[in-house]
Amino acid sequence: MSRSSVKSGEMARLTQFVDNEVFRAFATYAAIVLVKMMLMAVTTSYFRLTRKAFDNLEDTVSFGTGESAKKLVRGHPDVDRVRRCHLNDLENIVPFFGIGLLYALSGPELSSALLHFRIFTVCRIIHTFAYLIPLPQPSRGLSWAIGYVVTFSMLYNLMKSVLYL
Amino acid sequence: MSRSSVKSGEMARLTQFVDNEVFRAFATYAAIVLVKMMLMAVTTSYFRLTRKAFDNLEDTVSFGTGESAKKLVRGHPDVDRVRRCHLNDLENIVPFFGIGLLYALSGPELSSALLHFRIFTVCRIIHTFAYLIPLPQPSRGLSWAIGYVVTFSMLYNLMKSVLYL
Amino acid sequence: MSRSSVKSGEMARLTQFVDNEVFRAFATYAAIVLVKMMLMAVTTSYFRLTRKAFDNLEDTVSFGTGESAKKLVRGHPDVDRVRRCHLNDLENIVPFFGIGLLYALSGPELSSALLHFRIFTVCRIIHTFAYLIPLPQPSRGLSWAIGYVVTFSMLYNLMKSVLYL
């Protein structure tokens, strides 16, 4: 079996990744944008609690009972705004993670990879502030678009290395 | 070229992963939570069909035509609840998958990795039942929060191994 | 330390992946479906601009001010349809990417892997046209279901190789 070709001493750890600078860079920046996305969940909770606007009746229990609780199952513009920002993160960070991971594994130059990861990360952080404050356009549109182009640039470099239809 | 450094006999299979216990554990638990998330789609379909509440006019064709069909393009609290549960899965399982994969590749101890993967998986299953039945709070909130903390714990361990800004 | 076991000459590139045909095939098809998903964002923008229907007041600035701008913060059936299609992509392409990547790393046969990746990709492209035109059912339902089954088939093959609870 092909498995027997791996020496037992190498089975304990996959060390090649922590020794690879491009992988480490990708892991670091991917973690930053994923954490940024996760923080949208607590931001949503904060707005739900301060604006008293919930999606589920069972969530209103500490704010009242009966009819007064039912009234708190409602929308609020601030909550909706954070939710849209969170969903926009999902729509953009999922492709960044997928294409970025494959790109990192395809052996790019470290300097080029770092440039892609750093620009994308900065753009998504600016995008979040632009969405939540909100800043006047085109700050949000531009930060979204640059991150979008960066993802396509990684894709182009990935396809140069691996295209296999 | 660097490619020539790989012997042709090794090109057929990437065997290092199926021989690594941490990778196998991650693949197993990631698969469980991804399947759990996919099952929300059929749960949504079930509620749409039994509650007769659809988003698209073309989906109502087997339930009537004309005005009676148009009336079925509507929301329903049960459908909305499953949809929120599905979206919450996306928001939490995507970071778990991304951070968990990078963590698994960074060479953690098997026992520690298993603990993270198992707690997260159990929490997301409890979260689903807590959302859909629904169970009184804080069952849903707590199962969400523990999974959230587990993801941050993997992130902390990942950053100890790979941080590269 | 285990790190010293990696020779310095191997640290620069992770070459094993670009030399592996299954990985290259996965990277190619995963990139196609992720790009397809990203294109939903510009499709949404197109419908928002042509239908003049926005989610944020700051986005309406080039279409007017005051009350006339506020009226453009509204929904539109065409925008909602693209948004649902985009969200359906997220719900299905995320599991495909996660399970497909782990499956590709578990050393499947190239011919079998290609079959899975190609059917899924074709189904998601058909699904998009079926959703946006829209085509009569069951075109959308069927293209969704086949992609769903393909993902489960990859999962089954993955679990045969790596199951570790």
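Worth pointing out:
- Any hit, the range A:144-155, residues being within 9 Å of chain C (Cβ to nearest Cβ), open to solvent by 60 Å² or more (accessible area, probe 1.4 Å) and either farther than 24 Å from C:Ile93 by Cβ or modelled with pLDDT under 95 (or both): no
- Qualifying residue in the range A:61-76 (condition: within 26 Å of the chain's Cα centre (by Cα) and either at pLDDT below 90 or surrounded by 15 or more Cβ atoms within 10 Å (Cβ to Cβ) (or both)): yes
- For the range A:14-55, the set of residues classified as of a type in the set (D, E, K, R) and either in a helix (DSSP H, G or I) or under 19 Å from A:Val94 (Cα atoms) (or both) consists of A:Glu21, A:Arg24, A:Lys36, A:Arg48, A:Arg51, listed by residue number.
- Residue list for the range A:110-129, restricted to those being open to solvent by less than 40 Å² (accessible area, probe 1.4 Å) and under 16 Å from the mean Cα position of the chain (by Cα): A:His116, A:Phe117, A:Phe120, A:Thr121, A:Cys123, A:Arg124, A:His127, A:Thr128
- Whichever residue in the range A:39-56 is open to solvent by 10 Å² or more (accessible area, probe 1.4 Å) and at the interface with another protein chain (Cβ under 8 Å from one of its Cβ atoms) and, among such residues, is nearest to B:Ser111 (Cα to Cα): A:Ala41
- Some residue of the range A:68-78 being farther than 30 Å from B:Arg24 by Cβ, among the charged types (D, E, K, R) and not in a helix (DSSP H, G or I): yes
- Residue match in the range B:158-165 (condition: in contact with a Lys or Arg (Cβ under 6 Å, 6 or more places away or on another chain), on the phi < 0 side of the Ramachandran plot and either crowded, with 19+ Cβ neighbours inside 10 Å or assigned to a helix (DSSP H, G or I) (or both)): yes
For every residue, the table says whether it meets (1) touching an Asp or Glu at 6+ places or on another chain (Cβ under 9 Å); (2) small (Gly, Ala, Ser); (3) at positive phi.
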residue: B:Gly64; (1), (2), (3): no, yes, yes
residue: B:Arg81; (1), (2), (3): yes, no, no
residue: B:Cys85; (1), (2), (3): no, no, no
residue: B:Tyr103; (1), (2), (3): no, no, no
residue: B:Gly107; (1), (2), (3): no, yes, yes
residue: B:Ala113; (1), (2), (3): yes, yes, no
residue: B:Met154; (1), (2), (3): no, no, no
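- Condition check for C:Thr15: open to solvent by 60 Å² or more (accessible area, probe 1.4 Å), farther than 20 Å from A:Ala145 by Cβ and at pLDDT below 90: no
- Filtering the range B:95-147 to residues that are over 27 Å from A:Asp19 (Cβ atoms), assigned to a helix (DSSP H, G or I) and without any contact (Cβ under 8 Å) to a residue 24 or more places away in the chain leaves B:Val122, B:Ile126, B:Phe129, B:Ala130, B:Ser139, B:Arg140, B:Gly141, B:Leu142, B:Ser143, B:Ala145.
- If you go through the range A:77-91 and keep only what is free of Cβ contacts under 8 Å to residues at least 12 places away in the same chain and open to solvent by less than 30 Å² (accessible area, probe 1.4 Å), you end up with just A:Glu91.
- C:Ile32 being at pLDDT 95 or above and either open to solvent by 20 Å² or more (accessible area, probe 1.4 Å) or among the hydrophobic types (A, V, I, L, M, F, W, C) (or both): yes
- Among the candidates B:Gly98, B:Gly141, B:Gly107, the residue that is facing another protein chain (nearest Cβ under 9 Å) and surrounded by 23 or more Cβ atoms within 10 Å (Cβ to Cβ) is uniquely B:Gly98.
- Per the listing B:Ile125, B:Ile119, B:Ile99, the residue uniquely touching a Lys or Arg at 6+ places or on another chain (Cβ under 8 Å) and either at pLDDT 95 or above or closer than 29 Å to C:Gly100 by Cα (or both) is B:Ile125.
The values are calculated or read from the model by the stated rules, or taken from the named source; none is laboratory data. Note that the coordinates shown come from a computational prediction; the quantities given were computed from them, not determined experimentally. Positions of Cβ are generated from backbone atoms using ideal geometry, with glycine treated the same way; all protein chains shown enter the neighbour counts. In case anyone asks, the SASA skips ligands and DNA or RNA and just uses the protein heavy atoms, side chains included. Shrake-Rupley method; radii C 1.70, N 1.55, O 1.52, S 1.80 Å.
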